[in-house]
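The values are calculated or read from the model by the stated rules, or taken from the named source; none is laboratory data. Because the structure is a prediction, the values reported are computed rather than measured. Here the Cβ positions follow ideal geometry from the backbone for every residue, glycine too, while neighbour counts run over all protein chains shown.
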Amino acid sequence: MAPSLERPPLQADERTALLGWLDLQRQILRWKCAGLSEADAHRSVVPTSPAMTMAGLISHMRWVEHTWLEVLFLGGDKTRNPSFDETREDADWRTDGLSLPQLVAEYEAQCARSNEIVAGAGLDDVGRHPEFRSSAANLRWMLIHLVEETGRHAGHADIVRELLDGTKGYY
């Protein structure tokens, strides 16, 4: 059974709508992990995409949040983010033996950090990282992108979960 997941109010202001939709997609992604065994969380069910496991999806989305808000928007250090590791393909999808609860906790902490960053900025504020063209986007654009990417991967998680154990559900 789905937890209580709600869309943002129909008459929400822009910031409330953007953050409401992003948070909903984050919740759906975490919900799809609920009750999974460790073995299933790390099991690949897509032969052509072996890194697309539930654990891998959570890891990837943690680093996506970090990339867009801490690195590109704030201009932070990219070296601790595996998304920028060009020596290992899909480095941000690799879980290196981390448990699903640990990965989910790291994702939740990153989402909380992202929310702090957004709360302290205006939607028209522009990213600051000097190395990346994408940092020229404003916060509004970055949030829309995060809604899109989180939603897309929540859909992947829905399919992966069904292939793992038959669990289906839409909020």
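Could you check region 1-36 and list, in sequence order, the residues that are more than 24 Å from TRP68 (Cα to Cα) and buried (at least 19 other Cβ atoms within 10 Å of the Cβ)?
Correct list: LEU36 only.
Let me spell it out: the conditions are (1) farther than 19 Å from GLY151 by Cα; (2) part of a loop (DSSP other than H, G, I, E, B), and SER49 meets all of them except one. Which number is the exception?
Just one mismatch for SER49, condition (1).
Taking the criterion of being within 29 Å of HIS42 (Cα to Cα) and buried (at least 16 other Cβ atoms within 10 Å of the Cβ), would at least one residue in region 123-142 satisfy it?
Taking region 123-142 as the starting set, the residues that turn out to be within 29 Å of HIS42 (Cα to Cα) are none.
No, region 123-142 contains no residue that is within 29 Å of HIS42 (Cα to Cα) and buried (at least 16 other Cβ atoms within 10 Å of the Cβ).
Against the condition part of a loop (DSSP other than H, G, I, E, B) and either of a type in the set (D, E, K, R) or surrounded by 16 or more Cβ atoms within 10 Å (Cβ to Cβ) (or both), how does GLU89 come out, does it pass? First the steps, then the outcome.
Working: part of a loop (DSSP other than H, G, I, E, B): yes; either of a type in the set (D, E, K, R) or surrounded by 16 or more Cβ atoms within 10 Å (Cβ to Cβ) (or both): yes.
Answer is yes for this residue.
In region 4-29, which residue that is in contact with a helix residue (DSSP H, G or I) (Cβ under 6 Å, 6 or more places away or on another chain) and in contact (Cβ under 8 Å) with a residue 24 or more places away in the chain is farthest from MET142 (Cα to Cα)?
It comes out as LEU5.
If I go through region 11-44 residue by residue, how many of them are part of a helix (DSSP H, G or I) and over 25 Å from ARG94 (Cβ atoms)? Walk me through it before giving the result.
Here is the first cut: in region 11-44, the ones part of a helix (DSSP H, G or I) are 14-31, 38-41.
In the following step, the residues that additionally are over 25 Å from ARG94 (Cβ atoms) were identified as 14-21, 23-24.
Adding up the residues that qualify gives 10.
Could you tell me which residue of region 52-86 is farthest from HIS129 (Cα to Cα), considering only residues that are β-branched (Val, Ile, Thr) and part of a loop (DSSP other than H, G, I, E, B)? Explain how you work it out, then say what you get.
Quick first cut of region 52-86, residues β-branched (Val, Ile, Thr) only: 53, 58, 64, 67, 71, 79.
Checking which are part of a loop (DSSP other than H, G, I, E, B) leaves us with 53, 79.
On the way: THR53: 31, THR79: 13 Å.
Per the stated criteria, the residue is THR53.
Have a look at ALA55, ALA105, ALA109, ALA39 and point out the one that is at pLDDT 95 or above, surrounded by 20 or more Cβ atoms within 10 Å (Cβ to Cβ) and among the small types (Gly, Ala, Ser). Talk me through it step by step, then tell me what you get.
Numbers: ALA105 fails: surrounded by 20 or more Cβ atoms within 10 Å (Cβ to Cβ); ALA109 fails: surrounded by 20 or more Cβ atoms within 10 Å (Cβ to Cβ); ALA39 fails: surrounded by 20 or more Cβ atoms within 10 Å (Cβ to Cβ).
Among ALA55, ALA105, ALA109, ALA39, only ALA55 is at pLDDT 95 or above, surrounded by 20 or more Cβ atoms within 10 Å (Cβ to Cβ) and among the small types (Gly, Ala, Ser).
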